[in-house]
Amino acid sequence: MSTFESRTMSEQSMASQVAAVVQGRQVSEFGEFAPEARRGRVLRVTQVGEEVLHRRCADVGPELVGSAELAGLVDDMFRTMYAAEGVGLAANQVGVDLRLFVYDCPDDEGVRHVGHVVNPVLDERDLDVAVEVESEGCLSVPGPHADLGRAEHATVRGVDRDGQPVVVSGSGFFARCLQHESDHTVGRVYVDRLSKRERKRVLKRVEEMREQVLERRVERAEELVQELGGAEEGL
Ligand code: NI
């Protein structure tokens, strides 16, 4: 999911006591970037219309859980998400047909949530109550945003890269992120939830904005080499 500039974030006391909520657990210290990003490489972000974004991804099987391959993918996804200045990224957005996502996203109280979820399952009980309409965007739909209703609270259950159970909950903007990323893992892009007319408007804006957005990502990837080390690749 992408950030939106118009958003205002309320500063609350919890933000000063908790540096971040990592894998669903509060921690008192956390750096500017998730440590995974130092090890990762920037991969190309797939775009709306590419087949891998529009079908349910494969579950991550037991042969991959705990593997260097899966850990490396999480590293690459964090690095790619930061290069694209996003707050969430699913594996099919880097062309990998697996059900997992990463996130580094604030909630409406200014608390930062960071982590990854493998084989995420969204708790459906939250979805029909307290819908909030807010602006939403996606790294695979580069440029525009659109208003979209989402449940105010969301919980996702899954495992981490080593197979340990993880439960991630949040409200407001972070709840939106959890719903948006869970959608990706089952082949749904946020524009699929828009009216036909609004979807058309958004996709037209992509054509106008894409080039500039992608140029910005290349620049940001280069800056990250200074900030994090490593080398930019894959763009
Ligand atoms: Ni997205």
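Just so you know, all these numbers are worked out from the coordinates, no wet-lab data involved. Here the structure is a predicted model, which means the values were calculated and not measured. So basically every Cβ, Gly included, is an ideal-geometry build from the backbone, and we count neighbours across all protein chains shown.
Here are some notes:
- Of all residues in the range 118-152 being at positive phi and either in contact (Cβ under 8 Å) with a residue 60 or more places away in the chain or polar (S, T, N, Q) (or both), the one that is nearest to the ligand (Cβ to nearest atom): Gly143
- If only residues of the range 181-235 that are aliphatic (A, V, I, L, M) and in contact with a Phe, Trp or Tyr (Cβ under 7 Å, 6 or more places away or on another chain) are counted, the one that is surrounded by the most Cβ atoms within 10 Å (Cβ to Cβ) is Leu224.
- Candidates Val96, Val45, filtered to the one that is in a loop (DSSP other than H, G, I, E, B), away from the ligand (no atom under 13 Å from the Cβ), of a type outside the set (S, T, N, Q) and surrounded by 17 or more Cβ atoms within 10 Å (Cβ to Cβ): Val96
- Of the residues in the range 174-194, not one is more than 16 Å from the ligand (Cβ to nearest atom) and either part of a helix (DSSP H, G or I) or not small (Gly, Ala, Ser) (or both).
- Checking Asp162 against (1) in contact (Cβ under 8 Å) with a residue 24 or more places away in the chain; (2) within 16 Å of the ligand (Cβ to nearest atom); (3) charged (D, E, K, R), the condition it does not meet: (2)
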